[in-house]
Amino acid sequence: MKHLQGAGWKYGILLSAVLVVLFIANLFVGSVNIPFGAVCDVLTGNETAKESWRFIVLESRLPQALTALFCGGALAISGLMLQTAFNNPLAGPSILGISTGASLGVAIVMLLGGSMMSGTMFQLSGFFATIIGAFAGAMVVMALILFFSTLVKSNLMLLIIGIMIGYVASSAISLLNFFATVEGVHSYMIWGLGNFGGISMDQMPYFFITCMVGFLISFLLIKPLNALLLGPRYAENLGVNIRLVRNWLLIASGILTAITTAYCGPIAFIGLAVPHIARLLLGTSNHNSLMPVTLLCGGVIALLCNLICVLPGENGIIPLNAVTPVVGAPIIIYVIVNQRKIQYFN
Amino acid sequence: MAAKKDIVMRGSDLAIGYSRGKKNERTVLGKLNFTLRTGELTCLLGANGAGKSTLLRTLSASQPPLGGSLFLKDKPLSTYSEKKLSTLIGVVLTDKTQAGGLTVYELVALGRQPHTGFFGKLHESDRKIIAQAMELVGISHKANNYTAELSDGERQKVMIAKALVQESPLIILDEPTAFLDVASRIEIMTLLHKLASEDNKAILLSTHDIEQALVLADRLWLMTDENLQCGVTEDLILNNAMDDLFGRKGISFDHAHGVYYPIVKGQKQIQVFAGSETLLHWTVNALNRHGYACHILANKDDADRDLPIIETLSPHELFYTSVREERQMYLSFDEMLENL
């Protein structure tokens, strides 16, 4: 017990340090080559040789790093809660149909509204419409799942319903794509590749506050989450109001998934893989230490992925969703192959 | 020792079953009358599908009763909040958990949740209670092991410790000894009996382990398709209540030994005389298995000349006398059964 709590602190401090290093690295490395000294000057508020460098560092790299940090944490926490709540190691925001719902919302805005928006998605009005679409889509799916949770008691059945809703949303997206304009399909595809660069400094406070609300609810759920490790009937016997807790869990993970998907596109694998990385690191499924470490891990992995994205330098940016599975898939495979070694799900 | 036996739970005319709205009720059993007292270990016995789990779920407030009244202490069970209930009833279930990544200590500590604050922080008093419970069930030496590393018997002890730290007067266990070997079964049952008598808990458990239940239960609840009979073990056995428990033909209850055995439908009859109770028991056992109905002879001279006789004087001296008065000696049961 003492030892494990120690591990929580140890990894917490270690990850925080890595997080800071990666965050700073994200400010210094980008597709535009800016000298090390110049970035230092920008950060310390000194004059730089080119005014554009100041703009790139403060208005592009800084918000992008912040976005990656929060997005990673949000998706990871969301995945952790869903895995515990649904008693399933392969649950995650994308599995439950929440991110597919967000995608459908965006598809409706971009592909149906595309003709009205003159095709370019990066117009301001279009951007906000995208966010509203994603948020609405995610919330509608979440409301559906909450509704079904009043009818279905079994978590596994609810998970399957979530997957089914995801399929229906996917087929609706296919249909919209089929009838949409070429420009609409293209901009939808670009959004679908995922990108941490979609939030400006002006929008950052809204993103930040929404994430914080999600994190707050999540951290308040640590005690019932631990009880849920024993399964719903044991948890009930420990005084947990299962229905209430499950609703809050879905709301918190819904908010976190919706806000990240809305701003950054459907980001694969982080929600699924990071909770497993955190468990492997800590060697415990006790949420007291697992929840904060998962949050930090999510931030670290997302910052790392963002860094990998800009590695080609002047040659362009690798799409985010081409990077996250490369980081995430080996971990999932490891989890499946080593199920006997990994003890937290039996 | 003579702690006062308080009534913890009382059911009168209770009906249990499943309900999907008022019009779609499926009653499993009705008219159940029973009491649970502190300091007593009660074993619920019954055939598969008789409704044991349904009854336990109803008593632990996981599902509502369909009729009658069910009192916990002095108030109806349904009037308690979830929070309050968690300090009055502790359960041990057969449910699969995903707590393999928790240490034994952490899992037992979860049982303190009804008593801890919003964030579940453990105080010194909580730690003391957890340590005591682990000591009591004999799992202290594994406190820092992952529960995934435990044997089934040890895991069951951990869950019992979890129920203990809830400090509830009533503990309900659903088949706590299923999947366990004989040694662990005896250990767990003895532990539960000790907890009932020494810690003055009311303990109710369902089991298929009739042998242990008859030895250790203070009271038995016998559940059949028709009703629930409650009483002290010996009263029930000697009033033939056990006979119809499984309500099936071909099974009979041995009142002397407290075990169920299949009724022999053999056409062949044989007389048995043995040098001791033990030899008699196993001789009859062997012959029954081979389709012989046995007439037990108290005295060798009472033998009926029209039936063959088996005499077992020791495990290595078995005599077979046929109706034609031919006498044959066998050196083992193997040899005897081979030549019958």
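The values are calculated or read from the model by the stated rules, or taken from the named source; none is laboratory data. Because the structure is predicted, anything quoted here is derived from the model rather than measured. A quick note on method: Cβ atoms are made from the backbone with ideal geometry, for glycine too, and the neighbour counts reach across all protein chains shown.
Here is a check on your reading of the model: is B:E106 more than 12 Å from chain A (Cβ to nearest Cβ) and touching a helix residue (DSSP H, G or I) at 6+ places or on another chain (Cβ under 8 Å)?
Considered against the rule, which asks whether it is more than 12 Å from chain A (Cβ to nearest Cβ) and touching a helix residue (DSSP H, G or I) at 6+ places or on another chain (Cβ under 8 Å), B:E106 comes out as no.
So which strands (runs of 3 or more DSSP E) are wholly in the stretch B:268-319 and hold at least 2 residues that are over 34 Å from the mean Cα position of the chain (by Cα)?
Ranges flagged: B:268-274, B:309-314.
Does B:D152 count as closer than 29 Å to B:G51 by Cα, acidic (D, E) and more than 10 Å from chain A (Cβ to nearest Cβ)?
yes
For residues in the stretch B:156-177 being part of a helix (DSSP H, G or I) and among the small types (G, A, S), which is nearest to the other protein chains (Cβ to nearest Cβ)? I'd like the intermediate steps shown before the answer.
Going through the stretch B:156-177, the residues part of a helix (DSSP H, G or I) turn out to be B:156-165.
Then keep just the ones that are among the small types (G, A, S); that gives B:161, B:163.
Numbers: B:A161: 13, B:A163: 8 Å.
Within the stretch B:156-177, the match that is nearest to the other protein chains (Cβ to nearest Cβ) is B:A163.
Out of the stretch A:264-281, which residues are in contact with a helix residue (DSSP H, G or I) (Cβ under 7 Å, 6 or more places away or on another chain) and at pLDDT below 85?
If the condition is that a residue be in contact with a helix residue (DSSP H, G or I) (Cβ under 7 Å, 6 or more places away or on another chain) and at pLDDT below 85, then A:A268, A:F269, A:L281 are the ones that fit.
Out of the residues in the stretch B:109-130 that are within 11 Å of another protein chain (Cβ to nearest Cβ) and assigned to a helix (DSSP H, G or I), which is surrounded by the fewest Cβ atoms within 10 Å (Cβ to Cβ)?
Among them, the one singled out is B:R127.
For the stretch B:52-98, which positions are polar (S, T, N, Q) and either within 18 Å of B:C230 (Cα to Cα) or outside the structural domain of B:I203 (by TED's automatic domain parsing) (or both)?
Listed by number, the residues that qualify are B:S53, B:T54, B:T58, B:S69.
Restricting attention to the stretch B:33-51, does a residue exist that is within 14 Å of another protein chain (Cβ to nearest Cβ) and assigned to a loop (DSSP other than H, G, I, E, B)?
no
Restricting the search to the stretch B:135-166, which residues are touching a strand residue (DSSP E or B) at 6+ places or on another chain (Cβ under 8 Å), of a type outside the set (A, V, I, L, M, F, W, C) and either within 19 Å of A:N226 (Cβ to Cβ) or surrounded by fewer than 18 Cβ atoms within 10 Å (Cβ to Cβ) (or both)?
B:N144, B:N145, B:Y146, B:T147, B:K162, B:Q166 - these are the residues of the stretch B:135-166 that are touching a strand residue (DSSP E or B) at 6+ places or on another chain (Cβ under 8 Å), of a type outside the set (A, V, I, L, M, F, W, C) and either within 19 Å of A:N226 (Cβ to Cβ) or surrounded by fewer than 18 Cβ atoms within 10 Å (Cβ to Cβ) (or both).
Return the residues of the stretch B:65-90 that are facing chain A (nearest Cβ under 7 Å) and in a loop (DSSP other than H, G, I, E, B); say none if nothing qualifies.
Scanning the stretch B:65-90 gives a single hit, B:S86.
Mind checking which strands (runs of 3 or more DSSP E) fall wholly inside the stretch B:197-241 and carry at least 1 residues that are surrounded by fewer than 22 Cβ atoms within 10 Å (Cβ to Cβ)?
Ranges flagged: B:219-223, B:228-231.
Could you check the stretch A:218-269 and list, in sequence order, the residues that are small (G, A, S) and in contact (Cβ under 8 Å) with a residue 60 or more places away in the chain? Even if it seems obvious, please write down each step before you answer.
Filtering the stretch A:218-269 down to residues small (G, A, S) leaves A:218, A:227, A:231, A:235, A:239, A:252-254, A:258, A:262, A:265, A:268.
Across the stretch A:218-269, the qualifying residues are A:S218, A:G231, A:A252, A:S253, A:G254, A:A258, A:A262, A:G265, A:A268.
Out of the residues in the stretch A:202-261 that are in contact with a Leu (Cβ under 6 Å, 6 or more places away or on another chain) and of a type in the set (G, A, S), state the one that is nearest to A:R61 (Cα to Cα).
A:G214
May I ask you to verify whether B:L93 is at the interface with another protein chain (Cβ under 8 Å from one of its Cβ atoms) and within 28 Å of the chain's Cα centre (by Cα)? Explain how you work it out, then say what you get.
Working: at the interface with another protein chain (Cβ under 8 Å from one of its Cβ atoms): yes; within 28 Å of the chain's Cα centre (by Cα): yes.
Yes: the conditions hold for B:L93.
I'm trying to understand the selection: among the residues of the stretch B:132-155, which are farther than 12 Å from B:L102 by Cα and assigned to a loop (DSSP other than H, G, I, E, B)?
Across the stretch B:132-155, the qualifying residues are B:G138, B:I139, B:S151.
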